[in-house]
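Data first, discussion second: the structure below is written as structure tokens.
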Amino acid sequence: MSKGKVIGGIAILAVIVFAAVFGIMSLVDNAGKTTNQITAEQTVEELNRYIDKKVDLKKVETPTKGTVDLEASSLQDELPEIETYFYKVEGKGEVNIEIFSSPEKAGRETMKESSETDYNTWLVKVVEDFNNQGYTTSDGRTVSVSLRSISSGVMVDYIVSGKSVPDAITPSNECWINMLKAHGISLTQESKSLVGNVAGIVLNKETYDKITEKYGSVNLETIVEATINNEIAMSYPNPNASSAGINFLMSELLTFDSSNPLGEEAISNFQAFQENIPVVAYNTVQMQGAVDSGVLDAMILEYQGYINKPALRNYIFVPFGLRHDNPLYSIGDLSAEKKEAIKLFADFATNSESQKSAKEYGFGGHSDYVPEVSEADGNTLLDAQQIWKDKKDNGQEIISVFIIDTSGSVDGAPLNAMKESLINAGQYINSENYVGLVTYNSDITINLPIDKFDLNHRAYFNGEISKLSGAGGTRTFDAIAVGIQMLEEAKADHPDAKFMLFVLSDGNSDGSLEKVRPFIENLNIPVYTIGYNANIEALKEISKINEAANINADTDDIIYSLKNLFNAQM
């Protein structure tokens, strides 16, 4: 045999031996690991290689320390001007009644025009028809109604703060009425129900059958028990803002202990339930996306919304809690003319023709449903909201990185709005949570490493944000990669924490989302995006990867929007 053949044979043998050894080592390293764990480790390795190769990372060695205002900003200052919520109908009568309505009756809140095909615009049609009838008071003055669409929790904040008080309100259920009464607001019932509706838990058929088989029936109690036992994954909306959310929270607490829903037993069970809630949704859109993607087995929705969503035809609706019968209440001491006008409208909205129209919009279903829980007084509801805020994370650490766009395209009003809103809304981040800060333009900078958001870290957070200015390019996706790397590094010391990113941007970006999509997807990091004068569709695309929320925030309402987001997630 020639010398060359011997050497070649030895080389081939060496390669075979090396491959075998490497394969055995890989098997040993991955022994006992799930496919997801292996994929996650490979993704982190690829993430680290990507950042080493593509990102020239800067760090602020000595961060600027700012001031922290320990006094909470007033609710009146946080709320946007009422004109943010356009009139869906503007009355021109000599006696005009202004009504705040929940959106399932009056359409999307900040859309000036309502589509004729929008199934949420029943009350818009009723008000328009009423205004066209030419009603007059007994002394001959013309009567009309002006209508704004505002979610029930937000309308309560406007009224309690005194920033904008209408003549009447029609929230989805009585919870908000009771809370307003607890705040000392004078209200008079003008109609017990403008239109019938119920809240419910929507489950896929497989989940419904699974609960039926094990528990014998499917209702609020068995669904909650199945969630506590980690047999299903469900979500519900923020009870500080959503009628279905506050109904679910209160019903759940009453299920745990009907005699003392705020007592230790109820709170302990609530915390056990929360351990298996993957996300408290910022809004219904986020929740619907999570159901569609298979992350959730069940969600909370009103029947009128459920029946109008063809995508939910294969899901089963299970009513729970209080009815959502959309009462109408006047506020304060109205003049005799306005009292007469509002009675005329209440009678018109509940007449046979208007109610026939309501059925066409999906209202009136489950008319025979009887509430399975008792109605709570306003103080109990307010205390329940506080319990939810304090106990919803059940001691679990929340670790987040804020990623702020400082490119030239956001310079001026958008960046100033980002800075002001984030500093002011920072008071709603729990001091036990952990926060890091990254800014980006043509460069990417770690302004603050992840640390507990105590008073000291919050001061640095405010200081670093205060000094930001806009210039240069927009490396959004590279900045997201850096934020994910920071979160992954934090997992070593906080393996059981909940991790998330917040991206504040105008949505413009150099590069493609596809280069970082695997990092977001495989590591399951929710990315909440907040857009300022933004390309919202681009930001939505980032958020929907892991069913996080997207906020389209203008310079008026961003503080209030972030407050609600942080209350739900932080």
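The values are calculated or read from the model by the stated rules, or taken from the named source; none is laboratory data. Just so you know, these numbers come straight off a predicted model, no measurement behind them. Positions of Cβ are backbone-derived with ideal geometry, glycine not excepted, and every protein chain shown enters the neighbour counts. Just the protein is used for accessible areas: all its heavy atoms, side chains included, with ligands, DNA and RNA removed. Shrake-Rupley method; radii C 1.70, N 1.55, O 1.52, S 1.80 Å.
Keeping every protein chain present and rolling a 1.4 Å probe, give me the accessible area per residue for the chain in Å².
43 Å²
Taking the inverse of the average 1/r across all pairs of different Cα atoms in the stretch 111-249, what Kirkwood radius in Å do you get?
About 18.5 Å, per the Kirkwood formula over Cα pairs.
Can you give me the relative contact order of the chain as a percent, contacts being Cα pairs under 8 Å and 6 or more apart?
Reported relative contact order: 18 percent.
Ignoring any ligand, DNA or RNA, what whole percent of the accessible area of the stretch 114-228 comes from carbon and sulfur when the probe is 1.4 angstrom?
Carbon plus sulfur share of accessible area: 41 percent.
If I ignore ligands, DNA and RNA and count only protein heavy atoms, how much of residue 86 is accessible to a 1.4 Å probe, in Å² to the nearest 10?
Surface accessible to solvent at residue 86 totals approximately 70 Å².
Could you check the simple spin-label distance between residue 215 and residue 276, using points 7 Å along Cα→Cβ, in nm with one decimal?
Taking the two extended label points, one gets 0.9 nm.
Just for the Cα atoms in the stretch 215-282, what are the lengths along the principal axes, largest first, rounded to whole Å?
Largest to smallest, the principal-axis extents are 32, 27, 20 Å.
For the stretch 374-519, what's the radius of gyration and Dmax over Cα atoms, in angstrom?
Calculated on Cα positions, Rg and Dmax stand at 17.3, 58 Å.
Please express the shape of the stretch 39-110 as an equivalent ellipsoid: the semi-axes are the square roots of 5 times the eigenvalues of the C-alpha gyration tensor, given largest first in whole angstrom.
50, 24, 12
Skipping prolines and chain starts, which residues have an amide H placed within reach, meaning under 5 Å, of the one on residue 146, given they are 5 or more residues away or on another chain?
91, 97, 98, 99
How far, in degrees from 0 to 90, does helix 243-256 lean away from the longest principal axis of the Cα atoms of the chain, to the nearest 10?
So the inclination is approximately 80 degrees.
How long is the chain along each principal axis, judged by its Cα atoms, biggest number first, in Å?
For the chain, the Cα spread along each principal axis is 118, 59, 46 Å.
Grab the DSSP H runs of the chain that are 4 residues or longer, score each as -39,500 (n - 2.57), total them, divide by all residues and round the 222 nm result to the nearest 500 deg cm²/dmol.
So the helix-based figure for the chain works out to -13000 deg cm²/dmol.
For the stretch 145-157, just list the computed ³J(HN,Hα) in residue order, Karplus coefficients 6.51, -1.76 and 1.60, θ = phi - 60°, integers in Hz, with x standing in for Gly and Pro.
Rounded to whole hertz, the list is 10, 10, 10, 10, 9, 9, 4, 4, x, 6, 4, 4, 4.
How much of the calculated P(r) for the stretch 304-385 lies past 16 Å, in percent of all Cα pairs?
Working: 2327 of 3321 pairs.
Of all Cα-Cα pairs in the stretch 304-385, 70 percent lie more than 16 Å apart.
With the Cα gyration tensor of the stretch 94-186 giving a ≥ b ≥ c as the square roots of its eigenvalues, does the rule (a/c under 1.5 for rounded; else a/b larger than b/c for prolate; else oblate) give rounded, prolate or oblate?
It is oblate, given that a/c is not under 1.5 and a/b is not larger than b/c.
Using a ≥ b ≥ c from the Cα gyration tensor of the stretch 449-570 (square roots of the eigenvalues), is it rounded, prolate or oblate, where a/c under 1.5 gives rounded and otherwise the larger of a/b and b/c decides, a/b for prolate?
The shape class here is rounded.
Under the Karplus relation 6.51 cos²θ - 1.76 cosθ + 1.60, θ = phi - 60°, what is the ordered set of whole-Hz ³J(HN,Hα) values for the stretch 484-499, x standing for Gly and Pro?
Per-residue couplings from phi come out as 5, 4, 4, 5, 5, 5, 6, 5, 4, 8, 9, x, 9, 6, 9, 10 Hz.
Give the long-range amide H neighbours of residue 434: residues separated by 5 or more places, or on another chain, with amide H under 5 Å away, using H modelled in the peptide plane at 1.01 Å from N.
398, 399, 400, 453
What do you get for the angle between helix 122-131 and the principal long axis of the chain? Use alpha-carbon atoms, 0 to 90 degrees, nearest ten.
Helix 122-131 and the main axis of the chain meet at about 30 degrees.
Order 356-369, 456-469, 129-142 from most to least packed using the mean count of other Cβ atoms within 10 Å. Write down the numbers at each step before the final one.
Numbers: 356-369: 16.2, 456-469: 18.1, 129-142: 14.1.
Packing order, densest peptide first, comes out as 456-469, 356-369, 129-142.
Given a 1.4 Å probe and heavy atoms of the protein chains only, how would you sort 373, 165, largest accessible area at the top?
Final ranking, largest accessible area leading: 165, 373.
Enter the angle in degrees (range 0 to 90, nearest 10) between the Cα long axis of helix 3-30 and the first principal axis of the Cα atoms of the chain, meaning the one along which they spread out most.
The answer is roughly 30 degrees.
Once amide H atoms are placed 1.01 Å from N in the peptide plane, what residues at a sequence separation of 5 or more from residue 506, or on another chain, have their amide H within under 5 Å of its amide H?
Result for residue 506 returns 532.
Which ³J(HN,Hα) values, rounded to whole Hz and listed in residue order, are derived for the stretch 459-474 from phi using the Karplus coefficients 6.51, -1.76 and 1.60 in 6.51 cos²θ - 1.76 cosθ + 1.60 with θ = phi - 60°, glycine and proline given as x?
Each residue's phi maps through the Karplus curve to give 5, 5, 4, 5, x, 5, 5, 4, 8, 5, 9, x, 5, x, x, 9 Hz.
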